[in-house]
Structure formats: C-alpha cells, structure tokens
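K.L.:
So that we are looking at the same thing, I have put the structure below in structure tokens.
Where a number appears in this text, it was derived from the coordinates with a stated rule and is not lab data. Just so it is clear, the structure is predicted and the values come from calculations on it, not from any experiment. Glycine also receives a Cβ, built like all others from the backbone with ideal geometry; neighbour counts cover every protein chain displayed.
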2 protein chains.
Amino acid sequence: MAMQVPIALSNRHLHVSKEDLEVLFGEGYELTKLKDLKQPGQYAAEEKVDLVGPKGSIKGVRVLGPTRSKTQIEISFADSFVLGVKPPVRDSGDLTESPGVKIIGPKGEAVLDEGVIAAARHIHMTPGDAEKLNLKDKDTVKVRTGGERSVVFENVLVRVNENYALEMHVDMEEGNGAGVINNQLVEIIAE
Amino acid sequence: MAMQVPIALSNRHLHVSKEDLEVLFGEGYELTKLKDLKQPGQYAAEEKVDLVGPKGSIKGVRVLGPTRSKTQIEISFADSFVLGVKPPVRDSGDLTESPGVKIIGPKGEAVLDEGVIAAARHIHMTPGDAEKLNLKDKDTVKVRTGGERSVVFENVLVRVNENYALEMHVDMEEGNGAGVINNQLVEIIAE
C-alpha cells in the first residue's frame, strides 16, 4: 500500500459560530470570502480577530468560513505558550475539556469557556480514495514526508467524506519541522 | 538496537565571534553567563540582539557562549519567513552559501554575508555511547518520539565527541510538531 497525497500547512485560525460572529462583528454580520480552500465549501474569510489568553495575546488571527455550530480556535503549541493555554490535540469538532480564550473583534468581545485545540494531523479523502487504500473513516496511518528533514508522522487520522478532497493537514510547526511546503506530495505508508 | 536519549528543543539563538561581539556590545566586551547548557562548556548568555532581514525583524535573540571563530545564527523556518531569508538545513559550523542577516546590538550593528542556518537535527554523544550503539561520528539514525503526536525523525546526525553529553537537539518547530518537551526520552531506532 503506498499512495501520495498533497500536504497543506494550517496556520492558526478559527471557525466561528453565527452567535459569536455577531458578538464580534455586529448584528446580522456575514463573513466575506477571501479565497476558497481546497476542501469544498470551506474558505478563508477576510475577517481577522485577536486572541487573548492568561499570559499573552495574538493579533490578526484569520477566520475561516462558513460559520459552524460552535466556535473552534486552532493554534500551534508555540501559540499556546504565547497565550498561556494548554490545548489538547484533537480532531475538529471535539472540544470537550479544551481551554477557553477571549476573542476580540471590531465590534465586541467573546469570552469562551472552551474551544481551543491543536488540530490532530489528518487526511481528508473521498470514499473512493479510502476504498483504493483499504482504509475507513477514523483509521490511523503513517505518512512519510521525504527530503532532508524527512519525518514519518504517526497517528495520522483518516477522515472520509464524499465532500472532501484528498489532502493531508498538519499545523505550521509540524509542517516546518518536516520541511514540507503546501501541495508537496507525501506518502501514506503501511501502518 | 534501541536506546533512549533525552531530547532538547532549541529556540532561535546565535553564536558570536569575538570580533562581532565587540562590534555589537563594545570593545573588550565579554559575555555574561546566564546558565549552563547540558553540553559541557556551553552556556546561555544574558546578552540578546535583534536580527533584521530583508522582510522583517526579530527582537531579543539570545546569544550562546563561549564565542566561536565565526558568528552563526540558528533560526526556525517560521523565523526565516519573518526575516525573509532562506537558511539551509546544516550541521553546526557549516555556513557555506548560507544567507546573511543584520545583527543589532546595544553598541553597534554587524552586517553578515553568511551565517544563518536551520540546524540539522542531531544527537550529541560520547565515544562510549557511540560504541554501545555501534555508531560513529556523522552517521545518521532514525529517532521515534512516541506519544499522540509521535513522529519518526529521519536523517538524524550523530555527533561523537568526548566533551559531549548524550542529548538530541531539534529546533522548536520540530519539537512542538512532535509534541515533545525538554528532557523527554526519545528512542533511537534501527536505520
């Protein structure tokens, strides 16, 4: 079993609920699309916010759209040291017992009780991709990056959905530490 | 073959030549030890400088002592994007065709033609450690970190010297991307 997939490095970002969007940007506010992401329907918005934790703050964090049912902030470990929070490594949407943070927008502030995670490295794929690879949703695989800074990422979560496009996601530190750049091909290897 | 070694995450830092130290801090200046590092004779100095690249600057970068024959600046890939330079991944001391940078100290500025690298991940060990592991200076090995963010680092350079202490060095992004902390044990695995 060997299959190459393009990798993408996620910078810190957040997904916002409709309620928090209105608190931060004003009543009835809607996100403005800056550019489409590779995952169908997902986009980088023009909107940015500031994050404030117990130890420090990070300015200009990009919002991704569309809005979701719950606000979710995805940061790197380096970011977590700046803010002074301890995010768990989690699959998107799993916010149980994650720390909160204060979000500052141009029209207001939202103080969250939870929502800050370090995204678990994962691969989006269609059911067709999964069948070829003999994989199913929630499986884990290993992925080798190659090159002089090559690493084998272990515990890579497989996410299967017919609305996905084949793409591996890591955060900026994972990607830089492995010396990879956006759209570089990496290889799924036998578990 | 399996041996556990403690890992250490290196933040951005620089080693300075005696000449550059005097340019930056004044004639006859000597470094002040802040704390000893694990490698015998090496220490974090109290002194900090600013780095200025074509695109941006990074303030408060720590100097390590003692002085060396050539000034060497070790930064992460994230730092390189901030500064706007492209450091090669290199073993310490190998500065050929590395980019330069401007260094600003309290008493002067040094404009370097070369010296900026991303340190190649490596393991310091004594000849006794090397013998136990059937390794020699300049060999490369693989190292598995374990844990939920486990990676296998490939192309890990082995550095053998009787003045070394057994310790693996990675930069902050490599370490955070693997979810490891200082002094955590990681495992050398068969190449």
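K.L.:
With the structure loaded, tell me whether A:Val156 is in contact (Cβ under 8 Å) with a residue 60 or more places away in the chain and surrounded by 18 or more Cβ atoms within 10 Å (Cβ to Cβ) or whether it fails that test. Reasoning before the result, please.
P.N.:
Working: in contact (Cβ under 8 Å) with a residue 60 or more places away in the chain: no; surrounded by 18 or more Cβ atoms within 10 Å (Cβ to Cβ): yes.
So A:Val156 does not fit the description; no.
K.L.:
Which residue, of B:Asp79, B:Asp94, is outside any strand (DSSP E or B), of a type in the set (D, E, K, R) and surrounded by 15 or more Cβ atoms within 10 Å (Cβ to Cβ)?
P.N.:
Working: B:Asp94 fails: surrounded by 15 or more Cβ atoms within 10 Å (Cβ to Cβ).
After applying the criteria, what remains is B:Asp79.
K.L.:
Here is a follow-up. Quick check on my filter: what residues within the stretch B:108-151 are away from chain A (no Cβ under 13 Å) and among the polar types (S, T, N, Q)?
P.N.:
B:Thr126, B:Asn134
K.L.:
Answer yes if at least one residue in the stretch B:3-10 is more than 17 Å from the chain's Cα centre (by Cα), of a type outside the set (Val, Ile, Thr) and within 25 Å of B:Ala130 (Cβ to Cβ), and no otherwise.
P.N.:
Yes, there is a match, as at least one residue in the stretch B:3-10 is more than 17 Å from the chain's Cα centre (by Cα), of a type outside the set (Val, Ile, Thr) and within 25 Å of B:Ala130 (Cβ to Cβ).
K.L.:
Here are some conditions: (1) under 22 Å from B:Val158 (Cβ atoms); (2) more than 12 Å from chain A (Cβ to nearest Cβ); (3) crowded, with 16+ Cβ neighbours inside 10 Å. B:Val89 meets all but one. Which one does it not meet?
P.N.:
Exception for B:Val89: condition (2).
K.L.:
Could you go through the stretch B:127-144 and let me know if any residue there is part of a strand (DSSP E or B) and in contact with a Pro (Cβ under 7 Å, 6 or more places away or on another chain).
P.N.:
Initial filter on the stretch B:127-144 (part of a strand (DSSP E or B)): B:140-144.
Add one more test, that the residue is in contact with a Pro (Cβ under 7 Å, 6 or more places away or on another chain), and what stays is none.
So far as the stretch B:127-144 goes, no, none of its residues is part of a strand (DSSP E or B) and in contact with a Pro (Cβ under 7 Å, 6 or more places away or on another chain).
K.L.:
Go through (1) under 18 Å from the mean Cα position of the chain (by Cα); (2) without any contact (Cβ under 8 Å) to a residue 24 or more places away in the chain; (3) exposed (fewer than 14 other Cβ atoms within 10 Å of the Cβ) and name the single condition B:Asn163 misses.
P.N.:
Going through (1) under 18 Å from the mean Cα position of the chain (by Cα); (2) without any contact (Cβ under 8 Å) to a residue 24 or more places away in the chain; (3) exposed (fewer than 14 other Cβ atoms within 10 Å of the Cβ) one by one, B:Asn163 breaks only (2).
K.L.:
Restricted to the stretch B:173-191, and to residues that are assigned to a loop (DSSP other than H, G, I, E, B) and surrounded by fewer than 23 Cβ atoms within 10 Å (Cβ to Cβ), which residue is farthest from the other protein chains (Cβ to nearest Cβ)?
P.N.:
Residues of the stretch B:173-191 that are assigned to a loop (DSSP other than H, G, I, E, B), as a first pass: B:178-184, B:190-191.
If we keep only those that are surrounded by fewer than 23 Cβ atoms within 10 Å (Cβ to Cβ) too, we end up with B:179, B:181-184, B:190-191.
Values: B:Gly179: 7, B:Ile181: 10, B:Asn182: 13, B:Asn183: 16, B:Gln184: 13, B:Ala190: 14, B:Glu191: 13 Å.
Among those residues, the one meeting the criterion is B:Asn183.
K.L.:
For the condition of a type in the set (A, V, I, L, M) and out of contact with any Lys or Arg (no Cβ under 8 Å at 6 or more places or on another chain), what is the one hit in A:Ile103, A:Ile117?
P.N.:
On the way: A:Ile117 fails: out of contact with any Lys or Arg (no Cβ under 8 Å at 6 or more places or on another chain).
Unique residue meeting the criteria: A:Ile103.
K.L.:
Checking the conditions here, which among A:Arg62, A:Arg121 is within 22 Å of B:Glu174 (Cβ to Cβ), in contact with a strand residue (DSSP E or B) (Cβ under 7 Å, 6 or more places away or on another chain) and among the charged types (D, E, K, R)?
P.N.:
Numbers: A:Arg62 fails: within 22 Å of B:Glu174 (Cβ to Cβ).
It is A:Arg121.
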